[in-house]
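Below you'll find the structure, written out as structure tokens, and then a few comments.
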Amino acid sequence: MTSTIDALLAEAAIPAAAAPAFDVGAALHRLAEDAARTGPTPGVTRAAQAGQRLAVVARWFLNGPGAALHVDRLAQDPPASPVEEDQLDENGAAVFAGLLYLTGHPESAQFWWQLAAGAGHRGAAYCLHLHHLALGEQREAAHWRYQLLHSMTETDVLDEDFLGCLEAVASYVRHNGSTANGPTGSLEMEVDRLAGQGASCIIVRRPDRQLAAILRDFTHR
């Protein structure tokens, strides 16, 4: 009986066909076509553009007239002392935040932008909108856009065209270049020095006179 079943199974078996050779070149070509056809999602593209615009705006702040003076006003000895609301120079906080962002300290930049925006600095609110948009945090980005357009102005509504124009200019500068320079190596070292002095906290503490002096040299080049 067993031999009969074995014979039937042998007859029913499908002969194995020779496996075709794997064409590596064709497979890579198909992957490339799929990638080109798919492309980045609109959300990814929007986030990338926001990050690029934010870098442009941060450089504007850093190269702006009076940037070093405002940071010097923000600086205080000892620099580890807390920032009191009546002592906050919101322009200095916005400039310092831009410097932190451009030197690789986004969490600290967000903290200082929030301080500046809380004091009524519209540019800082716009930076927060772009910052959250770049991170894909749509809800937070929408919040700061609303603050910028509705809650941080003496009139009821800030003209939407103003914001659209600002974004268009930032996009143009990003594609065509600008005279606004990024941080020098000396500025980066100063930020790293401050960051290293606050080992117990990830937020870079307030600037000191030494950083303000380096920034003054930077803006007077």
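The values are calculated or read from the model by the stated rules, or taken from the named source; none is laboratory data. Here the structure is a predicted model, which means the values were calculated and not measured. As a convention, Cβ positions derive from the backbone with ideal geometry for all residues, glycine included, and neighbour counts pool all protein chains shown.
Scanning region 85-107 for residues that are part of a helix (DSSP H, G or I), of a type outside the set (A, V, I, L, M) and either at pLDDT below 95 or in contact with a His (Cβ under 6 Å, 6 or more places away or on another chain) (or both) returns GLU85, ASP86, GLN87, GLU90, ASN91, GLY92.
State all residues of region 124-182 that are in a helix (DSSP H, G or I), modelled with pLDDT under 70 and charged (D, E, K, R); if no residue qualifies, say none. GLU160, ASP161, ARG174 - these are the residues of region 124-182 that are in a helix (DSSP H, G or I), modelled with pLDDT under 70 and charged (D, E, K, R).
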